Amino acid sequence: MPRLSADQRHRVRFTLNGRPVEAEAEPRMLLTDFLRQDLGMTGTHVGCEHGVCGACTIEIDGVSARACLTLAVQADGATIRTVEALAPEPGRLSVLQEAFRRHHALQCGFCTPGILMSLDSYLRTHSEPTETELREFLGGHLCRCTGYVPILAAALDAAKRLREAPAHA
Amino acid sequence: MKPARFDYIRAETLSEAHTALAEDGNDARVIAGGQTLLPMLSMRLARPKVLIDIMHLPELQKIKADGSAIRIGAAVRQAELLAWPELAKSQPLLAAALPWVGYAQTRNRGTVCGSVAHADPSAEIPLALIALDGTIELSSRRRQRTVSAADFFTGMMSTARDGTELIEAVTVPAGRRGLGYAFQEFGRRHGDFAIVACAAVAAQDGIRIAVGGVADRPTRRDFPALDGSALDDALDAFAWELDARDDLHATARYRRELVRRMGRATIEEARQCRA
């Protein structure tokens, strides 16, 4: 059983958006900071840093989770997706991202990566969400610009389009 | 907001976890899903010298049910229990309480036993354990013991666990025919900490009500099968005994009123479920 000492940096490896990555982290380093500072993936935003605002939401081993409530060393060996993985190719947005643009579901955009990651994961398992379900689910995210109404509209629209043409996710 | 320095051990066997706990005792903290521990580390409310990660121990990852009880291992995440197809049939109160725990995104990582270890007075899982006469299995290098939920929660975020012990599992009795179960909660937003949460178990000859978010720990009361104003009076007396305090979220008076009204509504819902 290796004991990772507090004062040293230790190798952390995981799969990030389909590619193996590795870097070094102290045991106390949060996954948010590791993604942003060591791996250069700044799409994951740091808001409250105690799990409430949802801006840092990513996918860990296939389910959405808060990067700020995870240590980098805990993620060793995991499979991670961040908002950078959503667009199918450069210059093209995913169905969900496109719906956000169409419905003006963002203004400042700070909360957007987290909400996109949560909804991306939710819509994969809930193809016909009701507005009530989405409201409850989005309770785990704070947005101070939109009042949430356009976000709900975008999510419902994306769900509908994904039902019609799931291949274009 | 960054945690202070600590060593990190990813335990590969139960005895490794026990040894680390025996060596570091109160300077160590066990980390499972980390959903309540990480905020405490980041705010430096907790400054352990070492974290012992128990999520990779296969023996802690199981939900076992035998018809009379459900045993939930320390590495079982809240979302896993919620997705367990037998849950609603096996124990309706747990099925009703779990969706109130944090957010979908934190339930995906947070464990059932982690919430029990943290012992927040407004947390739903400790409340359900108190209402159901659940038990907590503790083990250390020297001994194993089982503690009832009623004896386990000893105050605000404090429990009967000693520093060298690991929670291996919690067990709740399966739902029984002839009993009705209900859970209700009031908070500002879904996912926020409960201002008041109530769990009720209704039998033919009596009722149990358990309340979280008011006293320094989840607290329960058993009543005979009261009705009408007799039930209101019993709930009123219980509300005063809980010694509610004013805080940022609600006044003591408001909390007492929630205990009276939501307590009654929860009991009535449990009675309907029994019928």
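Testing A:ALA78 on (1) surrounded by fewer than 24 Cβ atoms within 10 Å (Cβ to Cβ); (2) over 17 Å from A:ALA25 (Cβ atoms), one condition comes back false. Which one is that?
(2)
Against the condition farther than 30 Å from B:ALA11 by Cα and touching a helix residue (DSSP H, G or I) at 6+ places or on another chain (Cβ under 6 Å), how does B:GLY191 come out, does it pass?
Values: farther than 30 Å from B:ALA11 by Cα: yes; touching a helix residue (DSSP H, G or I) at 6+ places or on another chain (Cβ under 6 Å): no.
Against the criterion (farther than 30 Å from B:ALA11 by Cα and touching a helix residue (DSSP H, G or I) at 6+ places or on another chain (Cβ under 6 Å)), B:GLY191 does not qualify.
Given the residues A:ARG9, A:ARG19, which is the only one that is modelled with pLDDT of 95 or more, of a type in the set (D, E, K, R) and over 20 Å from B:TYR8 (Cα atoms)? Full working, then the answer.
On the way: A:ARG9 fails: over 20 Å from B:TYR8 (Cα atoms).
Just a single option satisfies the conditions, and that option is A:ARG19.
If a residue counts only when it is in contact with a helix residue (DSSP H, G or I) (Cβ under 7 Å, 6 or more places away or on another chain) and not charged (D, E, K, R), which strands (runs of 3 or more DSSP E) contained entirely in segment B:55-166 have at least 1 such residues? I'd like the intermediate steps shown before the answer.
Values: elements: B:63-65, B:69-73, B:135-139, B:144-148, B:153-155.
Hits in segment B:55-166: B:63-65, B:69-73, B:135-139, B:153-155.
Among residues belonging to segment A:38-53 that are in contact with a helix residue (DSSP H, G or I) (Cβ under 6 Å, 6 or more places away or on another chain) and more than 12 Å from chain B (Cβ to nearest Cβ), point out the one that is surrounded by the most Cβ atoms within 10 Å (Cβ to Cβ). I'd like the intermediate steps shown before the answer.
Restricting attention to segment A:38-53, the residues satisfying the condition of being in contact with a helix residue (DSSP H, G or I) (Cβ under 6 Å, 6 or more places away or on another chain) are A:41-46, A:49-51.
Right, trim to more than 12 Å from chain B (Cβ to nearest Cβ) and you get A:41-45.
On the way: A:MET41: 21, A:THR42: 14, A:GLY43: 17, A:THR44: 25, A:HIS45: 21.
Selected residue: A:THR44.
Please verify whether segment B:23-43 includes one or more residues that are of a type in the set (Ser, Thr, Tyr), assigned to a helix (DSSP H, G or I), facing another protein chain (nearest Cβ under 8 Å) and farther than 19 Å from B:TYR181 by Cα.
Step one: of segment B:23-43, the residues of a type in the set (Ser, Thr, Tyr) are B:36, B:42.
Filter again for assigned to a helix (DSSP H, G or I), leaving B:42.
Then drop every residue that is not facing another protein chain (nearest Cβ under 8 Å), which leaves B:42.
Narrowing further to those that are farther than 19 Å from B:TYR181 by Cα: B:42.
The answer is yes, given that some residue of segment B:23-43 is of a type in the set (Ser, Thr, Tyr), assigned to a helix (DSSP H, G or I), facing another protein chain (nearest Cβ under 8 Å) and farther than 19 Å from B:TYR181 by Cα.
For segment B:67-109, name all the residues that are within 11 Å of another protein chain (Cβ to nearest Cβ) and either under 16 Å from B:THR135 (Cα atoms) or of a type in the set (D, E, K, R) (or both).
Across segment B:67-109, the qualifying residues are B:ARG77, B:GLU80, B:ARG107, B:ARG109.
The rows are residues; the columns are (1) among the hydroxyl-bearing types (Ser, Thr, Tyr); (2) within 14 Å of chain B (Cβ to nearest Cβ).
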position: A:ALA72; (1), (2): no, yes
position: A:GLU98; (1), (2): no, no
position: A:GLY114; (1), (2): no, yes
position: A:SER127; (1), (2): yes, no
position: A:GLY147; (1), (2): no, no
position: A:LYS160; (1), (2): no, no
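Among the residues of segment A:126-134, is there at least one that is more than 19 Å from A:LEU93 (Cβ to Cβ) and buried (at least 17 other Cβ atoms within 10 Å of the Cβ)? Give the derivation first.
Kept after step one, since they are more than 19 Å from A:LEU93 (Cβ to Cβ), are these residues of segment A:126-134: A:126-134.
The next check asks that each one be buried (at least 17 other Cβ atoms within 10 Å of the Cβ); those that pass are A:129, A:134.
Within segment A:126-134, one or more residues are more than 19 Å from A:LEU93 (Cβ to Cβ) and buried (at least 17 other Cβ atoms within 10 Å of the Cβ).
Write out, first by first residue and then by second, each pair whose Cβ atoms fall under 7 Å of each other, whose residues are 6+ apart or on separate chains, and whose first residue, in segment B:49-66, is away from chain A (no Cβ under 14 Å) and more than 15 Å from B:ILE31 (Cβ to Cβ) while the second is among the aromatic types (Phe, Trp, Tyr) and not in a strand (DSSP E or B).
Pairs found: B:ILE63/B:TRP84.
Tell me, please, whether a residue that is of a type outside the set (D, E, K, R) and at the interface with another protein chain (Cβ under 10 Å from one of its Cβ atoms) can be found in segment A:81-91.
Of all residues in segment A:81-91, those of a type outside the set (D, E, K, R) come to A:82-83, A:85-88, A:90-91.
Next, only the ones that are at the interface with another protein chain (Cβ under 10 Å from one of its Cβ atoms) stay: none.
No: zero hits.
Looking only at segment A:15-37, filter to residues that are under 9 Å from A:ALA72 (Cβ atoms) and away from chain B (no Cβ under 14 Å); which one of those is surrounded by the most Cβ atoms within 10 Å (Cβ to Cβ)?
A:LEU35
Restricting attention to segment B:7-19, which residues are more than 8 Å from every other protein chain (Cβ to nearest Cβ) and within 19 Å of A:PRO27 (Cα to Cα)?
B:ALA17
Using the structure shown, decide if B:ALA234 is more than 30 Å from A:PHE137 (Cα to Cα) and either in contact with a Phe, Trp or Tyr (Cβ under 7 Å, 6 or more places away or on another chain) or among the β-branched types (Val, Ile, Thr) (or both). Walk me through how you get there before you give the answer.
Working: more than 30 Å from A:PHE137 (Cα to Cα): yes; either in contact with a Phe, Trp or Tyr (Cβ under 7 Å, 6 or more places away or on another chain) or among the β-branched types (Val, Ile, Thr) (or both): yes.
Yes.
Only one of these is over 28 Å from B:PRO48 (Cα atoms), free of Cβ contacts under 8 Å to residues at least 40 places away in the same chain and not assigned by TED's automatic domain parsing to the domain that holds A:SER118: A:ARG19, A:ARG66. Name it. Lay out the reasoning, then the answer.
Values: A:ARG66 fails: over 28 Å from B:PRO48 (Cα atoms).
After applying the criteria, what remains is A:ARG19.
The values are calculated or read from the model by the stated rules, or taken from the named source; none is laboratory data. Predicted, not measured: the structure shown is a model, and the values here were computed from it. Here the Cβ is made from the backbone with ideal geometry for all residues, glycine too, and neighbour counts use every protein chain on show.
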